[in-house]
1. Restricting attention to the stretch 296-329, which residues are under 14 Å from residue 248 (Cα atoms) and small (Gly, Ala, Ser)?
2. From the list 92, 84, 68, 109, pick out the single residue that is under 18 Å from the mean Cα position of the chain (by Cα) and among the acidic types (Asp, Glu).
3. Could you tell me which numbered condition residue 208 fails, if it satisfies all but one of (1) outside any loop (DSSP other than H, G, I, E, B); (2) surrounded by 13 or more Cβ atoms within 10 Å (Cβ to Cβ); (3) not assigned by TED's automatic domain parsing to the domain that holds residue 353?
4. Within the stretch 125-156, can you find the residues that are out of contact with any His (no Cβ under 6 Å at 6 or more places or on another chain) and either farther than 18 Å from residue 171 by Cβ or outside the structural domain of residue 32 (by TED's automatic domain parsing) (or both)?
5. Looking at 65, 48, which one is of a type in the set (A, V, I, L, M, F, W, C), touching a Phe, Trp or Tyr at 6+ places or on another chain (Cβ under 6 Å) and either assigned to a loop (DSSP other than H, G, I, E, B) or assigned by TED's automatic domain parsing to the domain that holds residue 214 (or both)?
6. Is it true that residue 175 is touching a residue at least 24 places away in the same chain (Cβ under 8 Å), under 20 Å from residue 72 (Cα atoms) and in contact with a helix residue (DSSP H, G or I) (Cβ under 6 Å, 6 or more places away or on another chain)?
7. What number of residues within the stretch 124-169 are surrounded by 15 or more Cβ atoms within 10 Å (Cβ to Cβ), of a type in the set (Gly, Ala, Ser) and not in a strand (DSSP E or B)?
8. Of all residues in the stretch 20-74, which are farther than 15 Å from residue 203 by Cα, in contact (Cβ under 8 Å) with a residue 40 or more places away in the chain and small (Gly, Ala, Ser)?
Amino acid sequence: MRKILILLTLIVVIASCKKEKKDFEYVTSKFKEHSNNIERVEYNAQVIDTFPGEVVWNNKGYALIEKDITDNIFGFSFYGKRNDVAKEYIYDKGNGFEISKKDKTFEIDKGNFGFIGSPGGQMVSRQIFYLDSIHKSAELIESIDKYILKYEFEDDTIYNVKKIVKIIELNKNNFFPTKVTRTSERLGNKVVHQMILRDVKINNEVVNSIQDYKTKIQDFKIIQEQKREANKILKNKFPVINLPKLLFENEIVNLQTDKLTLIDFWEVWCSPCISSFPKVERLKNKYSDKLQVIGIVSEDKENAIKLIEEKETTFLNLFGTKDLLDEYSVNSYPRYFLIDKKGIVQKEYFGFSEQIEKDIKEMMSE
């Protein structure tokens with residue numbers, strides 16, 4: 001009888017252990033179940049970014065997020081505050097509000113997806129509501145107090161990012177993400193982005209609201225959006241440029257503008273610059289008899305060369321200087337200039353668009 005009891009006990013223990021062991025599908029389905037029930041959440045955040053050369057950004061702040069299924073940009077509203085920045089940020093119903101309590105003013109940024117990159121927006125984690133559905137592989141690692149989801153992704157050939165891995169740590173009690181770590185390599189350099197969430201409050205535990213924060217700025221003065229001043233170089237003669245070739249630095253190019261010219265200012269760290277390379281390359285090949293395309297990069301020569309070679313870019317690239325950037329008033333990227341056959345700078349573009357080719361065609365017909 002005793003042997004039978006011991007045997008039954010062992011069977012119960014083994015069955016219990018099997019029952020407790022969770023698989024990846026179970027954890028992700030429970031995450032979805034719990035995230036669907038989140039209407040409001042607030043937390044303190046720490047965001048650590050590690051770049052090549054042991055450069056580390058370590059920022060802390062606070063975020064309040066309210067689910068809004070009618071929002072077509074994020075699917076939620078948020079209030080965010082980074083501790084080292086005096087301004088506060090609200091996104092609600094398609095509008096971003098940049099708030100200065102010191103001056104009692106605020107600016108409105110309408111419908112800009114980039115608002116998530118504002119100092120306050122950097123404290124907001126979209127991982128609270130979503131897990132990655134497209135990945136190369138995924139596995140579950142279980143510890144005493146957390147579930148750890150590890151994702152590996154295909155290389156991003158557009159932005160030249162490789163070895164992409166994301167690790168999401170979930171609280172075992174409520175399946176809420178407490179830490180998200182993303183590692184990747186770009187041009188052989190490792191980059192790490194980590195967000196840690198603490199002091200988390202969900203739904204009824206949350207005291208504040210987006211409306212409360214908006215009410216506090218009702219008496220603040222609205223700073224109207226100011227029109228961008230025209231670049232002083234527009235409609236003027238193109239300055240003389242003598243720059244070394246990026247790939248052959250001993251060869252100096254005296255850039256002549258006796259034919260229609262498109263200049264592309266870019267940098268290695270600028271993802272939109274890199275994603276636009278194929279479009280610029282297409283213009284160069286399509287209009288090669290009447291158009292010259294020149295790329296100018298002014299930072300990180302070594303990795304710029306690697307990038308050009310990996311992307312198999314054939315349009316001529318030069319290595320620029322800070323003085324040149326100042327002369328052209330280039331302080332954002334990518335930046336394009338279209339110069340006519342007489343050497344006059346006719347157009348400036350803040351980012352690539354179809355308008356560039358339209359203007360090229362129009363100027364060719366003149």
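1. Those that are under 14 Å from residue 248 (Cα atoms) and small (Gly, Ala, Ser): 304, 320.
2. 109
3. Unmet for residue 208, out of (1) outside any loop (DSSP other than H, G, I, E, B); (2) surrounded by 13 or more Cβ atoms within 10 Å (Cβ to Cβ); (3) not assigned by TED's automatic domain parsing to the domain that holds residue 353: (1).
4. Step one: filter the stretch 125-156 for residues out of contact with any His (no Cβ under 6 Å at 6 or more places or on another chain), giving 125-150, 152, 154-156.
132, 133, 134, 135, 136, 137, 138, 139, 152, 154, 155, 156 - these are the residues of the stretch 125-156 that are out of contact with any His (no Cβ under 6 Å at 6 or more places or on another chain) and either farther than 18 Å from residue 171 by Cβ or outside the structural domain of residue 32 (by TED's automatic domain parsing) (or both).
5. Details: 48 fails: touching a Phe, Trp or Tyr at 6+ places or on another chain (Cβ under 6 Å).
Matching residue, one of 65, 48: 65.
6. Details: touching a residue at least 24 places away in the same chain (Cβ under 8 Å): yes; under 20 Å from residue 72 (Cα atoms): no; in contact with a helix residue (DSSP H, G or I) (Cβ under 6 Å, 6 or more places away or on another chain): yes.
No.
7. 1
8. First pass over the stretch 20-74, keeping only residues farther than 15 Å from residue 203 by Cα: 20-32, 44-62, 69-74.
Then drop every residue that is not in contact (Cβ under 8 Å) with a residue 40 or more places away in the chain, which leaves 21-24, 27-28, 30-32, 44-52, 59, 61-62, 73-74.
45, 61 - these are the residues of the stretch 20-74 that are farther than 15 Å from residue 203 by Cα, in contact (Cβ under 8 Å) with a residue 40 or more places away in the chain and small (Gly, Ala, Ser).
The values are calculated or read from the model by the stated rules, or taken from the named source; none is laboratory data. For clarity, every value in this text was computed on a predicted model and none was experimentally measured. Positions of Cβ are generated from backbone atoms using ideal geometry, with glycine treated the same way; all protein chains shown enter the neighbour counts.
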